[in-house]
Amino acid sequence: MVAETRPAYSIRDIPASVWVLGFVSMLMDISSEMIHALLPIYLVSVLGASMVTVGVIEGIAEATASITKIFSGALSDWLGKRKWLAAIGYGLAAFTKPVFPLAPTVGWLVAARFVDRIGKGIRGAPRDALVADLSPADLRGASFGLRQSLDTIGAFVGPLLAIALMWWTSDNFTAVFWVAVIPAFLALALIVLAVREPDRPHALRTVRNPISMAEIKNLGTAYWWVVAVAGVFTLARFSEAFLVLRAQNVGVPIALVPAVLVAMNIVYALAAYPAGVISDRMGRTAVLASGILVLVVADIALALLPSVGGVALGVILWGLHMGLTQGLLAALVADTAPAELRGTAYGFFNLLGGVAMLAASVIAGALWDIAGPQGTFLAGAGFALVALAGLLVVQGKIGQRTAA
């Protein structure tokens with residue numbers, strides 16, 4: 001078993017700082033998604049940018065975030081401190097937000113997006129490692145699930161707020177961007193003032209060079225198996241943009257297409273915390289395997305039911321699979337990586353996951369052009385089954401390490 005069963009579990013047993021980190025993530029996501037939901041339209045319709053420019057901005061932004069995560073995670077291991085690195089990341093993101101309503105040219109927005117993603121890269125691995133440090137082993141799944149649920153609430157509240165404010169302000173982009181500044185600075189204030197980082201245990205080994213070959217080997221075989229399974233699994237769950245394209249493909253009106261991501265994220269938010277709780281009792285791999293099977297069914301529905309109802313079913317199942325898997329994968333990293341290398345572990349996990357997501361989206365796009373949406377989603381189901389087979393093969397090795 002991954003964790004012992006607690007006979008008298010309560011949500012109140014989750015450490016207060018984990019709750020605060022969840023609300024920090026939620027507030028920053030609300031701010032970021034309010035802007036990101038409108039930014040492509042703003043760039044093209046107001047500032048006159050080309051679609052190529054939009055693609056370049058997004059590509060640079062996400063690549064920057066992925067690369068930065070390695071170094072921030074390793075730095076947190078070397079320092080033995082995580083909170084202030086995470087706070088610096090949130091601070092960079094917060095202080096870039098006023099640039100969006102003030103930017104006179106595309107160049108300013110490129111710079112702001114670049115710095116914002118550096119902030120995301122800096123905070124990601126130290127924050128996840130901090131959640132692991134704060135959480136008792138028997139509440140680790142619940143803790144990661146709670147943070148993931150709160151984070152995902154921000155992912156759908158942000159776009160909904162943007163839509164409502166655009167209607168209320170008669171499409172005033174600048175006004176909406178200014179409102180988005182508020183939750184960003186609330187997030188920064190929360191992590192600075194309300195998160196208490198635990199003292200580093202004296203018995204914990206000091207790490208001099210976290211990204212040296214010797215330390216990479218010290219991450220352990222079980223950890224790298226988790227990363228490998230997660231990488232193949234990521235090939236199966238390509239960008240949610242393809243859910244939007246499928247909805248449009250079956251005749252969902254353009255004005256309602258954003259509801260696809262809202263619905264997906266609502267189900268995701270509702271499922272993530274219960275999935276974490278269940279994983280603390282049943283074991284991570286059992287719940288993760290069920291999540292992969294749900295993705296297989298979602299892909300089949302999206303491939304073979306070319307109707308609004310079929311897409312709705314696929315989207316709901318897609319959100320369910322996200323809730324059943326994403327927090328658990330983060331918990332498995334904490335379960336399998338040595339405590340003194342958790343920041344580095346999350347850095348590599350996030351970087352390789354980002355590379356796999358890029359590859360998955362390229363493959364999905366190519367298959368869409370060659371074989372249509374059916375080819376894309378059936379291939380996704382195939383990758384998911386490969387990931388499931390890999391998980392079943394290595395679950396004993398992962399379980400042995402997490403039980404140690």
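The values are calculated or read from the model by the stated rules, or taken from the named source; none is laboratory data. None of these values were measured; they are calculated from a predicted model. Note: ideal-geometry Cβ built from the backbone for every residue, glycine included; neighbour counts use all protein chains shown. Areas reflect the complete protein model, heavy atoms only, side chains present, ligands, DNA and RNA absent. Shrake-Rupley method; radii C 1.70, N 1.55, O 1.52, S 1.80 Å.
Scan ILE163, ILE216 and give me the residue that is open to solvent by 30 Å² or more (accessible area, probe 1.4 Å), in a helix (DSSP H, G or I) and closer than 20 Å to ILE35 by Cβ.
Going through ILE163, ILE216 in turn, just one is open to solvent by 30 Å² or more (accessible area, probe 1.4 Å), in a helix (DSSP H, G or I) and closer than 20 Å to ILE35 by Cβ: ILE163.
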- Note on the structure: For region 185-201, the count of residues that are touching a residue at least 24 places away in the same chain (Cβ under 8 Å), open to solvent by 80 Å² or more (accessible area, probe 1.4 Å) and under 30 Å from VAL99 (Cα atoms) equals 1
- Query: When region 81-97 is examined, which residues are found to be within 13 Å of ALA180 (Cβ to Cβ) and basic (Lys, Arg)?
  - Reply: LYS97
- Reported set for region 298-308 where residues are under 13 Å from ALA263 (Cβ atoms) and exposed (fewer than 15 other Cβ atoms within 10 Å of the Cβ) is VAL308
- Message: Given the criterion closer than 30 Å to LEU160 by Cβ and open to solvent by 20 Å² or more (accessible area, probe 1.4 Å), identify the matching residue among LEU204, LEU261, LEU243.
- Response: LEU261
- Restricting the search to region 151-164, which residues are in contact (Cβ under 8 Å) with a residue 40 or more places away in the chain and more than 12 Å from ASN265 (Cβ to Cβ)? LEU161, ALA162, ILE163
- Filter pass, VAL115 being surrounded by fewer than 23 Cβ atoms within 10 Å (Cβ to Cβ), at pLDDT below 90 and over 14 Å from MET26 (Cα atoms): yes
- Item | Scope region 166-184; condition buried (at least 17 other Cβ atoms within 10 Å of the Cβ) and over 14 Å from PHE100 (Cβ atoms); matching residues | MET166
- Message: Let me spell it out: the conditions are (1) in contact with a Gly (Cβ under 9 Å, 6 or more places away or on another chain); (2) surrounded by fewer than 19 Cβ atoms within 10 Å (Cβ to Cβ), and TRP108 meets all of them except one. Which number is the exception?
- Response: (1)
- Have a look at GLY291, GLY314 and point out the one that is assigned to a helix (DSSP H, G or I) and either among the polar types (S, T, N, Q) or in contact with a Lys or Arg (Cβ under 9 Å, 6 or more places away or on another chain) (or both). GLY314
- Out of (1) under 19 Å from the mean Cα position of the chain (by Cα); (2) open to solvent by 50 Å² or more (accessible area, probe 1.4 Å); (3) of a type outside the set (Phe, Trp, Tyr); (4) at pLDDT below 85, the odd one out for GLY48 is which? (1)
- Select from region 125-134 the residues that are open to solvent by 10 Å² or more (accessible area, probe 1.4 Å) and either on the phi > 0 side of the Ramachandran plot or more than 14 Å from the chain's Cα centre (by Cα) (or both) and list them in ascending order. ASP133, LEU134
- Query: Can you find a residue in region 141-157 that is more than 30 Å from ARG200 (Cα to Cα) and modelled with pLDDT under 90?
  - Reply: yes
- Task: For region 219-240, name all the residues that are surrounded by fewer than 17 Cβ atoms within 10 Å (Cβ to Cβ) and over 20 Å from ILE153 (Cα atoms).
- Result: THR221, ALA228
- Item | Tabulated pairs, region 357-381, first assigned to a helix (DSSP H, G or I), second acidic (Asp, Glu) and open to solvent by 30 Å² or more (accessible area, probe 1.4 Å), C-beta under 9 angstrom, 6+ apart or interchain | MET357/GLU62; LEU358/GLU62
- Query: Does VAL252 fit the bill of being open to solvent by 20 Å² or more (accessible area, probe 1.4 Å), farther than 15 Å from THR152 by Cα and modelled with pLDDT of 90 or more?
  - Reply: no
- Note on the structure: The residue from ALA37, ALA8 that alone is closer than 23 Å to PRO258 by Cα and modelled with pLDDT under 90 is ALA37
- Result of the Cβ filter at 6 Å on region 228-253, keeping first residues that are in contact (Cβ under 8 Å) with a residue 12 or more places away in the chain and partners that are part of a loop (DSSP other than H, G, I, E, B) and open to solvent by less than 30 Å² (accessible area, probe 1.4 Å), at least 6 apart or interchain, is VAL244/VAL257; ALA247/VAL257
- Return yes when LEU313 is free of Cβ contacts under 8 Å to residues at least 60 places away in the same chain, open to solvent by 10 Å² or more (accessible area, probe 1.4 Å) and closer than 19 Å to THR152 by Cβ and no when it is not. no
